[in-house]
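So the structure is just underneath, and the comments pick up after that.
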Amino acid sequence: MSLSLDAPAQDAPAVADDDVWLECIACGAQFAPFDAVRFTCNDCDGLLEVRYADPPTFADFEGEGVWRYAAALPFEEGEARSASDGAAGGGGAWYSLPEGDTPLHEVPRLSEDLGVNRLRIKHEGMNPTGSFKDRGMTVGVRVARELGVGRLACASTGNTSAALAAYGARAGMETLVLLPAGKVAAGKVAQASLHDARILEVDGNFDACLDIVQDLAARGEVYLLNSLNPFRLEGQKTIGFEILEEFREDYGRLPDRIVLPVGNAGNTAALYKAFRELVAAGAMDADEVPALTGVQAAGAAPMVEAIENGADEVRRWESVETRATAIRIGNPVNAPKALPGIRATGGTAVAVDDEAITEAQRDLAREGVGVEPASAASVAGLRKLREAGRVDADEDVVCLTTGHLLKDPDAAYEAGGDPEPVDNSTEAVLEHIGAK
Ligand code: F0G
């Protein structure tokens, strides 16, 4: 496997006298990180990325959770890494619930069943609001306070809205979420509602909601906290750091492959960035980087299409459908960051149908790991790739499960067994279970 990993620029740019800046991945334009609100490049509208003069090494990491990785984030644990520090004000970690430090479960039976050397499940559903989104929000909402913006907003298939509502509440800021009507799992709407976000249900899919939020942001009405926001992806990088640190501690080596569900491809982009930064810092070799392997639902698989066709751009699917509503997305906005990541790491992308997703949800549940459907797509994808011989039997694999079972109670009921009515007596129970 040959890897060509683009190292981040090592020299601090002229635009910022700081050690952190924003850089356009398309044209290379650079901007100071906190001087203005911007989500894409002022010059060419390309995606922005946070860059550091000194990429981190493992030795720089100390403490717990997401903020253990402050050396790889645009903020120190206590304050901004910029001269404009202070806008956030207030003491204490108001921005942290805390997030990260999620389990890397061993699943020996499933590992044997799938036929890989080792399989571990990184269960991001164990974050404070039940999904990986919290890692991005603790950083993103802090930036929002740093910039002094008024109203926070996101489009969401559910989990982003739950996380933004919670972190917005924590920051004492007004929060607006746009959801595709009738297509968001019950647990997620309940969270956004109780954390007091204003919920707007749009007659359209997620991609339409995101178009509107981008318009609102361009008009200066809201601060956008979708994964188009480069600061959110900084927080999500920490998933990669945690996996590498823990895997190496347990086995003295790094995993060969990381399999993850793909919607907007934010996590794929974030993991790739984490690895690039470690390689640039000399903390790991390019040939140690795990193969990033994306999984989409067959009814919403534009990234898979692009990988299969060797295309440089992803075609927007106008019509998408899947039981895994979290990844019911036809226009993966982070594709320009994620496609090169999949390719450079020697990974791939695969589509799985809804039945396979539900079966994988049951597989994980039998190991005691409760996840929502989109999360189970990672395991369904690994099974499909193993069966096709596209993943080798000697590989060490980590599957990312992105959201908790309770996010989507309806899907869990459908996947699980039915309750059995029984008369109100011990005798009746014994008889019913065949114990006498
Ligand atoms: N898994 C879950 C449970 C998600 O909620 C999402 C995205 C993904 C996977 C895909 O991650 O976008 O980084 O590729 N959910 C967003 C939301 C879109 O609004 O909650 P990605």
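The values are calculated or read from the model by the stated rules, or taken from the named source; none is laboratory data. All values reported here derive from a predicted model rather than from experimental measurement. Cβ placement follows ideal geometry from the backbone for every residue including glycine, while neighbour counts extend to all protein chains displayed. These accessible areas exclude ligands, DNA and RNA; they are computed on the full protein's heavy atoms, side chains included. Shrake-Rupley method; radii C 1.70, N 1.55, O 1.52, S 1.80 Å.
Residues that are in contact (Cβ under 8 Å) with a residue 12 or more places away in the chain, open to solvent by 10 Å² or more (accessible area, probe 1.4 Å) and either under 21 Å from F231 (Cα atoms) or of a type in the set (G, A, S) (or both) within the range 250-262 comprise just one, P261.
Figure legend. Inter-residue proximity from the range 336-362: first residues over 22 Å from V314 (Cβ atoms), second residues of a type in the set (A, V, I, L, M, F, W, C) and within 16 Å of the ligand (Cβ to nearest atom), beta-carbon distance below 6 Å, spacing 6+ or different chains. Indicated pairs: A356/A380; T358/A415; A360/A376; A360/V379; A360/A380; Q361/A376; Q361/A415; R362/A415.
What residue, among those in the range 321-341 that are more than 12 Å from the ligand (Cβ to nearest atom) and buried (at least 20 other Cβ atoms within 10 Å of the Cβ), is farthest from V398 (Cα to Cα)?
Step one: list which residues in the range 321-341 are more than 12 Å from the ligand (Cβ to nearest atom), which gives 321, 323, 336, 339-340.
If we keep only those that are buried (at least 20 other Cβ atoms within 10 Å of the Cβ) as well, we get 323, 339.
Details: R323: 23, L339: 20 Å.
Ranking the candidates gives R323 first.
Scanning the range 50-64 for residues that are surrounded by 19 or more Cβ atoms within 10 Å (Cβ to Cβ) and either without any contact (Cβ under 8 Å) to a residue 60 or more places away in the chain or not in a loop (DSSP other than H, G, I, E, B) (or both) gives V50, R51, Y52. Pairs are defined by a Cβ separation below 7 Å, a sequence spacing of at least 6 or placement on different chains, a first member in the range 210-234 that is of a type in the set (V, I, T), and a second member that is open to solvent by 70 Å² or more (accessible area, probe 1.4 Å); the pairs so defined are V222/R151.
Taken across the range 228-238, residues that are open to solvent by less than 10 Å² (accessible area, probe 1.4 Å), among the small types (G, A, S), within 16 Å of the ligand (Cβ to nearest atom) and farther than 20 Å from V397 by Cβ do occur, with at least one present.
No other residue among L400, L430, L364, L385 is open to solvent by less than 50 Å² (accessible area, probe 1.4 Å) and out of contact with any helix residue (DSSP H, G or I) (no Cβ under 9 Å at 6 or more places or on another chain) apart from L385. Residue count for the range 161-191 under the criterion of being over 13 Å from V202 (Cα atoms), open to solvent by 10 Å² or more (accessible area, probe 1.4 Å) and either charged (D, E, K, R) or within 15 Å of the chain's Cα centre (by Cα) (or both): the result is 2. Among the criteria (1) surrounded by fewer than 24 Cβ atoms within 10 Å (Cβ to Cβ); (2) not in a strand (DSSP E or B), the one A144 does not fulfil is (1). On the basis of being open to solvent by less than 20 Å² (accessible area, probe 1.4 Å), over 23 Å from P409 (Cβ atoms) and within 16 Å of the ligand (Cβ to nearest atom), does G136 make the cut? So G136 passes the test. Only one entry in E146, E124 is away from the ligand (no atom under 12 Å from the Cβ) and acidic (D, E), namely E146.
Considering A270, A274, A265, which residue is open to solvent by less than 20 Å² (accessible area, probe 1.4 Å), closer than 15 Å to I342 by Cα, more than 13 Å from the ligand (Cβ to nearest atom) and under 19 Å from the mean Cα position of the chain (by Cα)? The conditions single out A274. Taken together, the residues in the range 21-46 that are touching a strand residue (DSSP E or B) at 6+ places or on another chain (Cβ under 8 Å), open to solvent by 60 Å² or more (accessible area, probe 1.4 Å) and of a type in the set (D, E, K, R) amount to 1.
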